[in-house]
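The values are calculated or read from the model by the stated rules, or taken from the named source; none is laboratory data. The model shown is predicted, which means the values in this text are computed figures rather than measured ones. Using ideal geometry, Cβ is built from the backbone for each residue, glycine included, and neighbour counts are taken over all protein chains shown. Side chains are part of the model used for accessible areas, which takes the heavy atoms of the whole protein and leaves out ligands, DNA and RNA. Shrake-Rupley method; radii C 1.70, N 1.55, O 1.52, S 1.80 Å.
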Amino acid sequence: MRLATAAATRTCVAQVSTQAGKIGSLTVSRGGFGCYRLDEPLHLDCLRFALSNGCNLVDTASSYTDGLSERIVGAALKELDAKGIVEREELVVVTKAGNIHGQKGVDALPGGQLPKDAIKIGSDSWHSISPEFLESQVEQSIQRLGGQFAPDVVLLHNPEYYFVEAMKKGEANKPE
């Protein structure tokens with residue numbers, strides 16, 4: 001499994017800018033590429049352009065465009081890496097897990113069923129933080145990214161849903 005490395009990300013960003021940020025030991029471009037609605041050929045062209053021109057931070061999520069966002073990111077990583085334009089180790093891929101949207105989201109779950117701890121957050125949306133669910137989401141993200149690329153960072157999407165639900169049940173104290 002290939003991941004970003006400290007040396008490769010530092011080298012990548014240094015080629016285009018003296019301005020950089022950090023995520024742990026990884027160096028990231030000041031501007032990242034958000035993939036919330038990444039679902040069209042034009043969006044793939046934009047992603048290729050950004051990654052080929054010094055952007056090395058990609059933000060996606062398992063729930064964005066029913067997983068298509070991660071598949072497009074994976075295709076772009078594979079293509080640019082194979083062509084020698086940008087190596088995978090130079091790029092920092094952030095994904096998120098926790099949200100489940102619509103019947104497609106439920107169908108994509110192991111067994112096609114909501115986790116036992118899932119809470120309803122909208123008319124056709126749920127949220128879960130069970131370790132088994134989050135682990136399955138990371139595994140599915142790896143597959144959508146092409147199987148050879150793993151996310152470098154996994155964020156819990158909207159953890160406040162659980163906090164609010166726990167407050168309603170009296171299981172958590174309101175922050176001061």
message = Tally up the residues in the stretch 48-82 that are basic (Lys, Arg) and open to solvent by less than 40 Å² (accessible area, probe 1.4 Å), please.
response = 0
Selection count where residues are hydrophobic (A, V, I, L, M, F, W, C) and part of a helix (DSSP H, G or I), scope the stretch 118-171 = 8
message = What's the number of the only condition in (1) touching a Pro at 6+ places or on another chain (Cβ under 6 Å); (2) open to solvent by 60 Å² or more (accessible area, probe 1.4 Å) that PRO131 fails to meet?
response = (1)
key: Residue under evaluation SER25, criteria (1) out of contact with any Cys (no Cβ under 9 Å at 6 or more places or on another chain); (2) at pLDDT 90 or above; (3) open to solvent by less than 60 Å² (accessible area, probe 1.4 Å), criterion not met   = (3)
query = Under 7 Å by Cβ, and 6 or more places apart or on different chains, what pairs join a residue from the stretch 146-160 that is in contact (Cβ under 8 Å) with a residue 12 or more places away in the chain and closer than 24 Å to GLU90 by Cα with one that is open to solvent by 70 Å² or more (accessible area, probe 1.4 Å) and in a helix (DSSP H, G or I)?
reply = GLY146/LYS78
inquiry  = Yes or no: the stretch 83-95 includes at least one residue that is under 14 Å from SER63 (Cα atoms), at pLDDT 90 or above and either open to solvent by 10 Å² or more (accessible area, probe 1.4 Å) or in contact with a Leu (Cβ under 8 Å, 6 or more places away or on another chain) (or both).
reply    = yes
query = Looking only at the stretch 30-47, which residues are modelled with pLDDT of 90 or more and surrounded by 17 or more Cβ atoms within 10 Å (Cβ to Cβ)?
reply = PHE33, CYS35, HIS43, LEU47
